[in-house]
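The next block holds one structure in the form of structure tokens; read it before the comments.
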């Protein structure tokens, strides 16, 4: 089973849109886990076919590992609340890619509908073994961006990255697909004030350590516990 994991803020309608698209296009219903800050009341009184975890506001990149504690799937997608699944049977395609990788040390991604959609993973998927080997999924360093970039960088270092031809479209204002709402504006403000690219540059050695751990686990077939 695939667990789709992401924080969401002030976007109940977009969350419903995401859930409906994945429910419609999946062979096996995925587990959808969302984090909502305590101070965000836009979701109050509404029902969602997803597991909603509430808590204090966190540094952006800390949300995924926080939600990971509640996930039960072996495959974990680091997603966002502004995506739409477009491909029927997408999950079978993902499962098939991992079935061909006995050690499960692999990062899979689909097309996000952007200019580099077939080259850059905005909703990367890894197996739980990747996380168990490294000891974490995504580090809590980034106030904006770099969640996907971190996994992409590590995957490139070990040459274990695979594009699969399904589409999970990113409905983002950078491509004129969505208005610049409050959540995007807050992200832009954090980006400008905190310059998360500096944290990424300073942590290259950590990504190399993760890649070394993953290389050591490669070619050793995974067995579920």
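The average projected area of the chain, computed from the convex hull of its Cα atoms over all directions, is 11.8 nm².
Put a dot 7 Å past the Cα of residue 1, heading toward its Cβ, do the same for residue 209, and the two dots end up 3.3 nm apart. When you restrict to C-alpha pairs under 8 Å that are six or more residues apart and normalise by the size of the chain, the relative contact order lands at 23 percent. The stretch between residue 174 and residue 119, if pulled fully straight at 0.36 nm per residue, gains 18.1 nm over its current Cα-Cα span.
What the pair-distance distribution of region 1-65 shows, using all Cα-Cα distances binned every 10 Å from zero, is 20, 54, 24, 2 percent. Between rounded, prolate and oblate, where does region 117-160 land on the alpha carbon gyration tensor, with a ≥ b ≥ c its root eigenvalues, rounded for a/c under 1.5, else prolate if a/b exceeds b/c? Oblate. Rounded to 0.05, the FRET efficiency of the residue 136 and residue 27 pair, given R0 = 22 Å and the Cβ-Cβ distance, is 0.15.
Give me the extension gain from residue 53 to residue 188: residue separation times 0.36 nm, minus the current Cα-Cα distance, reported in nm with one decimal.
On the way: separation 135, 0.36 × 135 = 48.60 nm, distance 2.46 nm.
Gain in length upon complete extension: 46.1 nm.
Per the helix-only calculation at 222 nm, which mean residue ellipticity applies to the chain, given -39500 (n - 2.57) for every DSSP H run of n ≥ 4 and division by its residues, nearest 500 deg cm²/dmol?
-11000 deg cm²/dmol
Give me the percent of Cα-Cα pairs in region 100-209 that sit more than 19 Å apart, rounded to a whole number. That fraction is 52 percent.
Coordinate-derived values only; no laboratory data. Please read these numbers as outputs of a predicted model, since none were measured by experiment. So basically every Cβ, Gly included, is an ideal-geometry build from the backbone, and we count neighbours across all protein chains shown.
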